[in-house]
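Have a look at the structure below, then the notes.
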Amino acid sequence: MAAWNVCVESAPPSLLTLKLLSSGSSFFVAGINDGSLGALLPYMLSTYHISTSMISLIYFTTFLGWLVCAITNTHLSKFFPLGSLLAMGALLQVIPHVLRVWKPPFALFVITFFISGIGQAYQDSHANTFVSTVKGAHRWLGFIHACYGLGLLISLFVATAVAVKTQNGDGRWMLFYLFPLGLSVLSLVLVLIAFRDSVHLKKYPVSHQQPNEEEGRSRAAMTEVKQMLKIREFWVFCLFFFFYLGVCTTSGGWIVEYLVRVRHGNLSEMGYVPSGSYGGIFLGRLLLAEPTHRFGESRMLLLYAGICFAFQLVFWFVPNLISSIAMFSIMGFFLGPFFAAGVSVASKIFPKHLQPAALGMIFVVAQAGGAIFPSLIGVIATHAGVKVLPPIVAALIIVMSVTWAFVPKVDERKE
């Protein structure tokens, strides 16, 4: 973790700003990638002639990518500095879009989500850790996570527009992936420029016992993992993010299919519905970051969760298309601050040297929630239909709130 602090303290203000913008761009690209899935899901089903249960493979392989990051993150951090890890993640987000754009076989299409999952995991864990060390970290964390929300919003409009315009062509909706391909290349270039002072292998003093040194670094990595697993708060945060991402990806990933099948909306129009939630997430992360920090993350997130649960009940029990769209959008606004606030609190609780490993593992568990619950909807929907979406999301909000209640309070004035 010292490398992160040195990177912040020694960087000129202009270079530090560029690094923060680069971190934001990595989240923006991740949002572009994730935001298109819900809108394109109906077209995936028709193009590949698959059932809803097969979509679970996409969520599962994405989770496997994050799992690979969790297994390798601590060890790679001993050999590569911050810039190299971020550049590695950025490159791994370029490759999937190159493969997707030419309508690959479904098996390869699924594998691309594994690759992008690894890339996102490296960038998310290390960008979050880096930003949590700057002055006014809660504001900058709100900014980079708002960039993710903006990516979700823009991606949805572009993906839906391309899919609607090309729906008469077999698989031509995949031309959409040219858009994230260009953005991911720009993000890679920005990382290489902004973090050019740390894009290299870590340098260690020359020694005649290099094998022993490498063993020492491996032992140090394993020691950090063991220390992390003994921290009670680590498991509480894992559960919180597990259910939080479960709420977001489940509702966002299946909302279009739900509104078409259950509320009888028009597919070409319903594809734009998630924009309300994504726009809410974007605004929530920008506008609620300061009041959430000022009045205390612990109480404010419980308040937001209660509001989300109330709106989810209206979404569930009022069988009206317009009402469903409105409730879904407002929920996005109040769900927005959760991720950045959770990272901000975690950065104050975990020891500095354990933060990269701890945050990386927490995000992996979060992705497990983001993979398991949408997959569960897909499997259940095959037999019972997507009408099961509202009660499952409502239950996830309750459990998420309970887990957050167990997160210990921290000194709100601590930076």
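In a Gaussian network model over the chain where Cα atoms closer than 10 Å are linked, find which of Lys226, Lys19, Lys103 has the largest mean-square fluctuation.
Lys226
Counting just the Cα atoms, what span does the stretch 34-125 cover along each of its three principal axes? Round to the nearest Å and put the largest first.
45, 23, 21
Hey, rough spin-label estimate for Lys409 and Arg294, points 7 angstrom out along Cα→Cβ, what's it come to in nanometres?
Here the answer is 2.0 nm between the modelled labels.
For the stretch 210-356, just the Cα set please: Rg and Dmax, both in angstrom.
Considering the stretch 210-356 through its Cα atoms, Rg and Dmax are 20.1, 68 Å.
Connecting C-alpha atoms closer than 10 Å in a GNM of the chain, tell me which of Gln167, Gln93, Gln227 has the biggest fluctuation.
Gln227
Find, among the trypsin sites (Lys or Arg not before Pro) in the stretch 55-160, those assigned to loop by DSSP (not H, G, I, E, B) with at most 10 other beta-carbon atoms within 10 angstrom.
Here the trypsin sites (Lys or Arg not before Pro) that fit, given the DSSP loop and packing criteria, are Lys135.
Using Cα-Cα distances under 8 Å and only pairs 6 or more residues apart, what relative contact order does the stretch 309-404 have, in percent?
Relative contact order of the stretch 309-404: 33 percent.
In the stretch 210-338, what percent of the accessible surface is made up of carbon and sulfur (1.4 Å probe, ligands and nucleic acids excluded)?
67 percent
Can you pick out the pairs among Lys78/Lys348; Lys387/Lys409; Lys165/Lys387 whose Cα atoms lie more than 32 Å from each other?
Too far apart for the 32 Å limit: Lys387/Lys409.
Leaving out ligands, DNA and RNA, what percent of the accessible area of the stretch 88-195 is carbon and sulfur, probe 1.4 Å?
Of the solvent-accessible surface of the stretch 88-195, carbon and sulfur hold 75 percent.
Could you let me know the centre-to-centre spacing of the stretch 223-269 and the stretch 17-57, using Cα atoms, in angstrom?
14 Å
Which of the three applies to the stretch 73-154, rounded, prolate or oblate, going by the alpha-carbon gyration tensor with a ≥ b ≥ c and a/c under 1.5 meaning rounded?
Note, shape of the stretch 73-154 comes out oblate.
Just the number, please: Stokes-Einstein D of the stretch 338-415 in µm²/s, Kirkwood Rh from C-alpha pairs, 4 °C, 1.567 mPa s.
88 µm²/s
Residue farthest toward the positive end of the dipole of the stretch 30-181, with Cβ of Lys/Arg at +1 and Asp/Glu at -1: which of Phe113, Trp66, Thr129?
Working it through, the farthest residue towards the positive pole turns out to be Thr129.
Step by step: find N for the stretch 23-63, compute 2.2 N^0.38 Å, then divide the Cα radius of gyration by it. What's the final number?
The reported ratio for this selection is 1.36.
If one takes the longest principal axis of the Cα atoms in the chain, at what angle in degrees, from 0 to 90 and to the nearest 10, does the Cα axis of helix 338-349 lie?
Approximately 20 degrees, to the nearest 10.
Taking the chain, how much of its Cα-Cα pair set, in percent, is spaced more than 41 angstrom apart?
So the portion of pairs separated by more than 41 Å is 12 percent.
For the stretch 49-98, just say rounded, prolate or oblate: build the C-alpha gyration tensor, square-root its eigenvalues into a ≥ b ≥ c, call rounded for a/c under 1.5, and beyond that prolate if a/b exceeds b/c, oblate if not.
Cα axes put the stretch 49-98 in the oblate bin.
222 nm [θ] for the chain, helices only, -39500 (n - 2.57) per DSSP H run of 4+, per residue, to 500?
Only helices count here, giving -27000 deg cm²/dmol.
Nearest 0.05, what FRET efficiency do Leu267 and Thr72 give at R0 = 56 Å with Cβ-Cβ as r?
0.85
If you line up the long axis of helix 106-131 against the longest principal axis of the chain, both from Cα atoms, how many degrees apart are they, to the nearest 10?
Long axis of 106-131 versus the principal axis of the chain: about 50 degrees.
Give me the accessible area per residue for the chain, probe 1.4 Å, as a whole number in Å².
Each residue of the chain exposes 40 Å² on average to a 1.4 Å probe.
Ignoring the sites themselves, what is the longest stretch of the chain with no chymotrypsin sites (Phe, Trp or Tyr not before Pro) in a DSSP loop and at most 15 other beta-carbon atoms within 10 Å?
103-405
With a cut-off of 8 Å between alpha carbons and a minimum separation of six or more residues, what is the relative contact order of the chain in percent?
So the answer I get is 28 percent.
Report the calculated FRET efficiency for Val379 and Lys135 (r = Cβ-Cβ distance, R0 = 35 Å), to the nearest 0.05.
0.15
Largest first, how would Met300, Met174 line up by accessible area (1.4 Å probe)?
So the residues, ranked largest to smallest area, are Met300, Met174.
Pick from Ser268, Ser155, Ser23: which is most flexible by mean-square fluctuation in a GNM of the chain where alpha carbon atoms under 10 Å apart are linked?
Of Ser268, Ser155, Ser23, the Gaussian network model singles out Ser268 as fluctuating most.
What percent does the relative contact order of the stretch 110-186 come to when contacts are Cα pairs within less than 8 Å and at least six residues apart?
With pairs under 8 Å counted, the relative contact order is 14 percent.
The values are calculated or read from the model by the stated rules, or taken from the named source; none is laboratory data. Because the structure is predicted, anything quoted here is derived from the model rather than measured. We place every Cβ from the backbone using ideal geometry, glycine too, and count neighbours over all the protein chains shown. Note: accessible area is taken over every heavy atom of the protein model, side chains too, but ligands, DNA and RNA are not part of it. Shrake-Rupley method; radii C 1.70, N 1.55, O 1.52, S 1.80 Å.
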